[in-house]
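Comments concern the structure below.
The values are calculated or read from the model by the stated rules, or taken from the named source; none is laboratory data. The structure displayed is predicted, hence computed values, not measured ones. FYI the Cβ positions are ideal-geometry reconstructions off the backbone, even for glycines, and counts take in every protein chain you see. Accessible surface areas use protein heavy atoms only, side chains included; no ligands, DNA or RNA. Shrake-Rupley method; radii C 1.70, N 1.55, O 1.52, S 1.80 Å.
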Amino acid sequence: MNLLAIESSCDDTSVSILKDGNPISNVVSSQVIHSNFGGVVPEMASREHQKNIIHVTKLALDQSGIDLLAIDAIAFTNGPGLPGSLMVGSSFAKGLSLGLNIPLIAVNHMEAHILALLLGEKNPDFPFLCLVVSGGHTMVVKVDDWNRMEVLGSTRDDAVGEAFDKCAKLLGFDYPGGRQIDETAKQGNPNAFDFPIAQMPGYQFSYSGVKTSFLYFLKEKGPDFIQKNLADVCASIQKALLAPLFIKTKMAMTELGINQIGITGGVAANSALREGFKELAEKNRWILYVPDFQYCTDNAAMIGKAAMFKWQAKDFCKFDLQTEPRLKIGQ
Ligand code: KG4
Ligand code: ZN
């Protein structure tokens with residue numbers, strides 16, 4: 001079974017070819033155009049998708065060695081995401097499906113991030129707990145099956161990746177600056193400065209307080225001090241941003257009596273987060289799953305993995321399906 005999957009929900013244009021559910025190619029074209037603007041500019045993102053999508057598709061097919069005429073189904077991200085970006089991918093997918101006369105499969109981007117955990121050599125069995133940490137989402141999800149997921153809690157305001165990027169911007173790093181905080185923090189002391197950790201009920205998160213306190217801290221200390229202590233500043237703010245993730249996950253694992261935990265989304269690439277969860281897993285006898293980096297950030301292979309379950313269930317979509325920018329898990 002050969003599947004062509006398309007992801008275009010935000011600022012990455014990606015196409016993956018999967019054979020029997022395993023990615024043979026996974027091409028991702030990340031839009032650098034937004035780096036000067038401190039965030040993704042939606043109009044520019046759709047235009048970039050338009051410019052790149054055929055090129056990325058051809059590359060994914062070439063790398064897979066599978067001919068377009070040998071493709072059995074087309075999958076695409078139906079939401080959540082930026083409306084214009086989603087429409088480029090979905091219209092292109094509909095055109096391919098019509099032209100090749102093969103089924104079309106609509107995929108929920110967040111469910112796909114979670115099912116990316118099944119792309120590894122060693123996969124979790126259902127049920128497992130999943131922490132989704134990206135630029136747009138921070139949530140704790142109980143995953144009972146590919147189509148049965150329960151969001152236990154999420155963020156009240158900013159997502160953790162967004163908080164990383166906003167703090168990075170205040171430090172003068174290019175967008176998205178999460179990775180640069182991670183890199184700089186490696187030389188620093190995470191206990192050098194204290195930042196507040198929001199006390200939220202249940203499995204909820206909030207990042208607005210720590211962000212504001214970071215802004216005041218930078219203003220009070222001044223640029224020279226910050227520059228001299230940059231590694232310590234990065235390590236300390238990173239510690240405050242990651243702490244709620246460790247606390248809430250531990251709480252959920254204990255309360256639910258689950259022993260498998262998966263972490264996915266772009267922030268799963270963070271080295272302190274990986275190290276922290278490795279230690280927690282060893283201490284608590286959890287089995288920890290983190291996808292390969294290429295499957296943590298936005299990619300079409302995860303869309304293809306989610307689509308394979310729908311293919312098996314013959315859950316195809318109609319041509320008049322409209323994209324859902326605010327699609328929620330389970331919808
Ligand atoms: O999943 P993703 O590629 O896109 C969304 O769906 O949001 O996640 C992107 C986010 C950005 O906020 C980026 O700064 C963050 O992941 N990120 C990191 C690291 N690598 C990427 N944050 C902290 N440390 C990293 N190493
Ligand atoms: Zn994403």
Which angle from 0 to 90°, rounded to the nearest 10, does the C-alpha axis of helix 42-64 make with the longest principal axis of the chain?
60 degrees
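Viscosity 0.890 mPa s, temperature 25 °C: Stokes-Einstein D of the stretch 1-44 from its Kirkwood Cα radius, in µm² per second? Don't jump to the answer; show the numbers that get you there.
Working: Rh = 11.8 Å.
In µm²/s, the coefficient rounds to 208.
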Give me the compactness ratio for the chain, meaning the Cα radius of gyration over 2.2 N^0.38 Å.
1.00
Between the stretch 93-156 and the stretch 1-50, what is the separation of their alpha carbon centroids in Å?
16 Å
Gyration tensor verdict on the stretch 256-324 (Cα atoms; rounded if a/c is under 1.5, prolate if a/b is larger than b/c, oblate otherwise):
prolate
Over the Cα atoms of the stretch 122-290, what is the Rg over Rh ratio if Rh follows Kirkwood?
0.99
Restraint check, Lys166/Lys283; Lys186/Lys278; Lys94/Lys169, Cα-Cα greater than 28 Å
Lys166/Lys283; Lys94/Lys169
Would you calculate the volume per residue, in Å³, of the smallest convex hull containing every Cα atom of the stretch 136-181?
83 Å³
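Roughly how many debye, to the nearest 20, is the charge dipole of the chain about its Cα centre, given +1 on each Lys and Arg Cβ, -1 on each Asp and Glu Cβ, and no other charges? All intermediate terms of the calculation are to be shown ahead of the outcome.
On the way: 30 positive and 35 negative charges, 73 e Å.
Charge dipole of the chain: 340 debye, to the nearest 20.
Hey, what's the chain come to in accessible area per residue, 1.4 Å probe, Å²?
Details: 15150 Å² over 331 residues.
In whole numbers, the chain has 46 Å² accessible per residue.
Kirkwood hydrodynamic radius, computed over distinct alpha-carbon pairs, for the stretch 49-97: how many Å, to one decimal? Present the calculation step by step, with values, prior to reporting the outcome.
Working: mean 1/r = 0.0856 Å⁻¹.
11.7 Å is the Kirkwood radius here.
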Most mobile of Arg285, Arg156, Arg179 per a Gaussian network model of the chain (Cα springs, under 10 Å)?
Arg285
Can you list the aspartates and glutamates whose alpha carbon is less than 15 Å from that of Lys328, not counting same-chain residues fewer than 8 positions off?
Glu111, Glu150
P(r) of the stretch 1-96 over all Cα-Cα pairs, binned every 5 Å from zero, in whole percent
2, 16, 26, 24, 16, 10, 5, 2, 0
Of the beta bridges DSSP finds with both residues in the chain, what % are antiparallel, to the nearest 5?
60 percent
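Whenever you get a sec, compute what percent of the accessible area on the stretch 271-320 sits on carbon and sulfur atoms (1.4 Å probe). If you can, show how the numbers build up before the last one.
Numbers: 1390 of 2790 Å².
C and S atoms contribute 50 percent here.
Loop-only trypsin sites (Lys or Arg not before Pro) in the stretch 91-154, please: DSSP not H, G, I, E or B, and at most 13 other Cβ atoms within 10 Å. Provide the component values of the computation, followed by the final result.
Details: sites: Lys94, Lys122, Lys142, Arg148; in loops: Lys122.
When the trypsin sites (Lys or Arg not before Pro) of the stretch 91-154 are filtered for loop state and at most 13 Cβ neighbours within 10 Å, Lys122 remain.
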